[in-house]
1. Got a sec? Which residues in region A:1-21 would a label at A:A272 touch, if it sits 7 Å along Cα→Cβ and we count backbone N under 18 Å?
2. Sum -39500 (n - 2.57) across every DSSP H segment of at least 4 residues in chain A, then divide by the residue count to get the 222 nm mean residue ellipticity, nearest 500.
3. How big is D, in µm² s⁻¹, for chain A by Stokes-Einstein at 10 °C and 1.306 mPa s if Rh is the Kirkwood radius over C-alpha pairs?
4. Check each of the GluC sites (Glu not before Pro) in region B:4-50 and keep only those in coil by DSSP with at most 15 other C-beta atoms within 10 angstrom; list them in order.
5. From Cα pairs below 8 angstrom and at least 6 apart in sequence, can you work out the relative contact order of region A:32-244, rounded to a whole percent?
6. Given the alpha-carbon gyration tensor of region B:90-141, what are the semi-axes of its equivalent ellipsoid in whole angstrom, ordered largest first, with each equal to the square root of 5 times an eigenvalue?
7. Any idea what the dipole of chain B comes to, in debye rounded to 20, about its Cα centre with Lys/Arg Cβ at +1 and Asp/Glu Cβ at -1?
8. So what is Rg over Rh here for chain B, counting just Cα atoms and using Kirkwood for Rh?
Amino acid sequence: MANLKEIRRRIGSVKGTQKITRAMRMVAAAKLRRAQETTENFRSYADLMSSVLAEVASGASPKDHPLLERREPKRSLVLVISSDRGLCGGFNSNLNRLVTDHVEAADPEPELTIIGKKSEAYFKRRTATIHHIYSDIYDGPGFDAAARVAKDLAAKYASGEVDRIDLAFNEMHSLASQKPVVKQLLPIAPPVQVEDKEDVLGPVGFIFEPKRIELLGRLLPRYVEVEVYRALLESIAAEHAARMIAMEAATNNAQDMIEHLTLIYNRARQGAITNELLDIVGGAEALND
Amino acid sequence: MGEILRLRVVTPDGPSLDEEVTAVTACSEQRGEFCVLPEHRPILAALGAGRLVATRPDGGSDEFVTDSGFFEGGPSHVNVITQRCVRVSDIDLSEVTEEIEEIEKELSGLEFGDAARGELDVNLGWARARRDAVDGGKAGEDIT
């Protein structure tokens, strides 16, 4: 009977876990919707900023602004955007592995600037050089927080302290697929103009106020902010999608386990009943004899 | 379409305005106001924190305050890219005055060259622009 009690306890415990994973899945789904909304709202700002920069930067030379200047990388940085929380499948481990490979393949080895406790903990245990850790970004991961990081990075690049900065983050391809990527942030590769701007007035030039080069100087730092925030939003959405999928799988696994344990429980219960019957029948037979 | 401009104001939090207007007056970085009408030559300008006035097709106008940003105009559209935008009628003067006092107090406690000044200066400009837009449009008068 102690065996039956043990199985019942285990079923209860798995059911409890399943309740938690189901709730986490629902919370992740709600957060994902909100993250996608924020990304969608930001898109019009980011797209307009890109098209304006493409207009101003067309024909600009790398010498026109320090953030465009290409240098032989003697010292480089990677901004790693991971999450603060776990239970999201391979979200953080895939990113950490990609960054490790990237760092080992690059010459000289880049230093790391980290957002998110998961990568912080991972790289602190390893030999990678950590340049800086932004620990408060997820307290309020808005545009202002991303802008602060972008300003820091742009200042480091413009002063010549570092010669290249990359972003490493998870991109959301679909609900079920998040892929870690490394993308160049600085020097800026200005977006290329795709649409035909020749409106009904024909190919007349823009009036720039102030001068084109001064406008470029104001636009480029803002563009870095846009790129950092875009990566942060992408990573947040990917994290919630990954957690949703992981919790869905955990809930299904718990269900499988409950079914399996119920089967064992029923079998054991049936066995116990059969034994009791055998005892009774055996006893009755003995009396008859 | 020759009489109408599509005015869009976008911020990082999302589009805050998308309207058809007949004229747009904005405040340039040098605090000078300029007006763009339909069929205007393409223009790209840096904006300072200040008033943005949209003239509606019925002759009335809507007033906003935008933070610093960029103004991109063409013959039939105007796009304003800015960090923040608020309708003048939604501004609470006493709240903004309090905000200005707080920022000024904070600034007075900082030394010149302190890194924190940059963000505070931006916020002060934004708060002053909102105050000026409400109490008689001083932001506009400054340049005349």
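Taken together, the values in this text are just the output of simple stated rules run on the coordinates, not laboratory data. This structure is a prediction, so every number in the text was calculated from the model and none was measured. Backbone-built Cβ (ideal geometry, glycine too); neighbour counts: all protein chains shown.
1. A:1-13
2. -22000 deg cm²/dmol
3. My calculation gives 69 µm²/s for D.
4. Numbers: sites: B:E19, B:E20, B:E29, B:E33, B:E39; in loops: B:E29, B:E39.
Qualifying residues, ordered by number: B:E39.
5. Worked out over region A:32-244, it gives 32 percent.
6. 23, 11, 8
7. Approximately 540 debye in magnitude.
8. On the Cα set of chain B, Rg over Rh gives 1.01.
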